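Reviewing the structure listed below.
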Amino acid sequence: MKKTLVSLAALLAFSLTQSVLAASAADILASMTSARESLVKMLGEADAAKRDVLEQEVQKGTKAADDALAAVLADAATSAEAKKAMEEFQAIWTPFKETRDKEIIGALKEGKTEDAKKVATGIQKERFENMKKILEGVK
């Protein structure tokens, strides 16, 4: 009886750990997607004041994704496999943000919408899909 209770407790703890991690990866993905959606809206917005509001939304989603990523990496319950996936994600996420801020948002601020769209639909789209695949694969 005691062995059964210990086994059930261990199984429950494992299940809770996995669901927390999955939620964290899902949170990163949701925040990253929200930031991306705001950026796409920026690409189609001619009004500079409205673009500024959308840029704030991009930064808000980015901060939420960064915070969730930091929490997953710092969590002692995160498996080695999940940490490896998060580090792989981060290796793409960092240049993704830099490119977005400099080459897309920067181009929009200079009135170079077509240049911004080329970057957004080129390397950035590829990076986004790769990051999404990584996050969806985290168990």
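Descriptive notes on the structure:
- Given (1) closer than 16 Å to Asp27 by Cα; (2) of a type in the set (A, V, I, L, M); (3) surrounded by fewer than 15 Cβ atoms within 10 Å (Cβ to Cβ), index of the condition Ala80 fails: (1)
- Thr78 meets each of the listed conditions (1) within 12 Å of Val138 (Cβ to Cβ); (2) at pLDDT below 95; (3) in a helix (DSSP H, G or I) apart from (3).
- Among residues of region 114-134 that are within 17 Å of Gly44 (Cα to Cα), those with a Cβ under 6 angstrom from a residue that is of a type in the set (Asp, Glu), sequence gap 6+ or separate chain, pair up as Val119/Glu103.
- Lone unmet requirement of (1) part of a helix (DSSP H, G or I); (2) out of contact with any Phe, Trp or Tyr (no Cβ under 8 Å at 6 or more places or on another chain) for Ile28: (2)
The values are calculated or read from the model by the stated rules, or taken from the named source; none is laboratory data. Just so you know, these numbers come straight off a predicted model, no measurement behind them. Backbone-built Cβ (ideal geometry, glycine too); neighbour counts: all protein chains shown.
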